[in-house]
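Q: Have a look at this one before I ask anything.
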Amino acid sequence: MTLTSQHKAYLFALGAVMLWSTVATAFKISLRYLDVFQLLLVASVTATLCLLLIVLVTGRIRLLANQGVRDYLRLACLGILNPFCYYLVLFKAYELLPAQVAQALNYTWAITLMLLSVPILKHRITRFDYIATVICYSGVIVICFSGGQFPAGELSTVGIFLALGSTVIWAFYWLLKTKDHIDPVLGLFVSFLFSIPFIAAACWLRSDVASLGMTGILAGVYVGLFEMGVTYILWLAALRLSEATAKVSTLIFLSPFISLIFISRILGEAIAVTTIMGLVLIVVGLLLQHFNQQMMRGGTD
């Protein structure tokens, strides 16, 4: 049987979804052996090397000479946002919260992106967008006010704000990338490369690189490969091969539910009913927003 481009797109997309579904568990395991600065350093260096290999193998390296000073300055600023600020905040949120809560709250970034696009890009919010926002954040409220159903007791307020704050950083990152004309893989590589000195400096000032153990390094390498590097490339390949973006983009909504299985089976977290209820509300809100955008674009994307 010969695979069509669309079949390949589905395979790449499902591969990305499965790998992304493991990262919440990988974050928590990594943070048993590394602090947030050490994890950020190991994962970012790993992702940068992975992206460098892809840039070299695909011949994108020659495109570096075509970029101007402004392009590199913009990519440097993007590198400060992602991976430096975004993952530092996100890892701290995972350190303070159960994995099931941190991943559910972080999943609201698409709604945050839509809300921030109004003042920044002058986008118009429709009635369905307002409904989607209310549904999505209702899920956040259900999770955050769960009445201490988690083994560790009441949820960390700081952790909740950090998890939601990470969505703001991620949304700003993507809003700034809307005017980016550079090849996405090359751009991501350059941004990560620029971020390494800042991450290394933060790790030197706030942590102890010498205390890194092999177990922690391997855990951080996994995060770098399958959260920051390879999985992103798989998803880009799926979008490129698909006949229409909508045919594969909805598969990403499987990820948080599959993630709960890994969190339960590997981490041993008892999944709270409120987590499932809240996550369902969040995903329903995201799906409503997603399909509303597709209809506004005429269903061609």
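The values are calculated or read from the model by the stated rules, or taken from the named source; none is laboratory data. It should be emphasised that the depicted structure is a prediction, and the values quoted were computed from it without experimental measurement. Glycine gets a Cβ as well: all are built from the backbone with ideal geometry, and neighbour counts include every protein chain shown. Note: areas computed on protein heavy atoms with side chains; ligands, DNA, RNA excluded. Shrake-Rupley method; radii C 1.70, N 1.55, O 1.52, S 1.80 Å.
Q: Which ones in region 222-244 are among the aromatic types (Phe, Trp, Tyr) and more than 17 Å from Leu90 (Cβ to Cβ)? Please lay out each step first, then the result.
A: So the first thing to find is which residues in region 222-244 are among the aromatic types (Phe, Trp, Tyr), and the list is 222, 226, 232, 235.
Once the filter is applied, which keeps residues that are among the aromatic types (Phe, Trp, Tyr) and more than 17 Å from Leu90 (Cβ to Cβ), region 222-244 yields only Trp235.
Q: If you don't mind, another one. Here is a list: Tyr137, Tyr72. Which entry is closer than 24 Å to Val284 by Cα, aromatic (Phe, Trp, Tyr) and either modelled with pLDDT of 95 or more or part of a helix (DSSP H, G or I) (or both)? Reasoning before the result, please.
A: Numbers: Tyr72 fails: closer than 24 Å to Val284 by Cα.
Matching residue, one of Tyr137, Tyr72: Tyr137.
Quick grid of which residues meet (1) within 21 Å of Tyr173 (Cβ to Cβ); (2) touching a residue at least 24 places away in the same chain (Cβ under 8 Å); (3) open to solvent by less than 30 Å² (accessible area, probe 1.4 Å):
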residue	(1), (2), (3)
Thr2	no, no, no
Tyr10	no, yes, no
Ala13	no, yes, yes
Ile29	no, yes, no
Val36	yes, yes, yes
Leu64	no, yes, no
Leu81	yes, yes, no
Ala104	yes, yes, yes
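Q: For Leu40, indicate whether it is part of a helix (DSSP H, G or I), on the phi < 0 side of the Ramachandran plot and without any contact (Cβ under 8 Å) to a residue 40 or more places away in the chain.
A: Working: part of a helix (DSSP H, G or I): yes; on the phi < 0 side of the Ramachandran plot: yes; without any contact (Cβ under 8 Å) to a residue 40 or more places away in the chain: no.
Taking the combined requirement at face value, the residue does not satisfy it.
Q: Another one. Of everything in region 192-212 that's small (Gly, Ala, Ser) and farther than 30 Å from Gln100 by Cβ, which residue is most open to solvent (accessible area, probe 1.4 Å)? Spell out how you get there, then give the answer.
A: Looking only at region 192-212, we keep the residues that are small (Gly, Ala, Ser), and these are 195, 200-202, 207, 210-211.
Filter again for farther than 30 Å from Gln100 by Cβ, leaving 200-201, 210.
On the way: Ala200: 40, Ala201: 46, Ala210: 93 Å².
Selected residue: Ala210.
Q: Output yes when any residue across region 273-288 is open to solvent by less than 50 Å² (accessible area, probe 1.4 Å), touching a residue at least 60 places away in the same chain (Cβ under 8 Å) and outside any helix (DSSP H, G or I), and no when none is.
A: No, every residue in region 273-288 fails to be open to solvent by less than 50 Å² (accessible area, probe 1.4 Å), touching a residue at least 60 places away in the same chain (Cβ under 8 Å) and outside any helix (DSSP H, G or I).
Q: Pairs under 9 Å by beta carbon, first residue on the phi < 0 side of the Ramachandran plot and in a helix (DSSP H, G or I) in region 114-134, partner acidic (Asp, Glu) and open to solvent by less than 50 Å² (accessible area, probe 1.4 Å), six or more apart or different chains?
A: Listed pairs, sorted by first residue: Met114/Asp129; Leu115/Asp129.
Results for (1) part of a helix (DSSP H, G or I); (2) open to solvent by 30 Å² or more (accessible area, probe 1.4 Å); (3) closer than 29 Å to Pro119 by Cβ, shown as yes or no for each residue.
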| site | (1), (2), (3) |
| --- | --- |
| Leu155 | no, no, no |
| Gly165 | yes, no, yes |
| Leu176 | yes, yes, yes |
| Val185 | yes, no, no |
| Val221 | yes, yes, no |
| Phe226 | yes, yes, no |
| Leu236 | yes, yes, yes |
| Lys247 | yes, yes, no |
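Q: Out of (1) of a type in the set (Asp, Glu); (2) closer than 20 Å to Leu34 by Cβ; (3) modelled with pLDDT of 90 or more, the odd one out for Asp208 is which?
A: Result: Asp208 fails condition (3) only.
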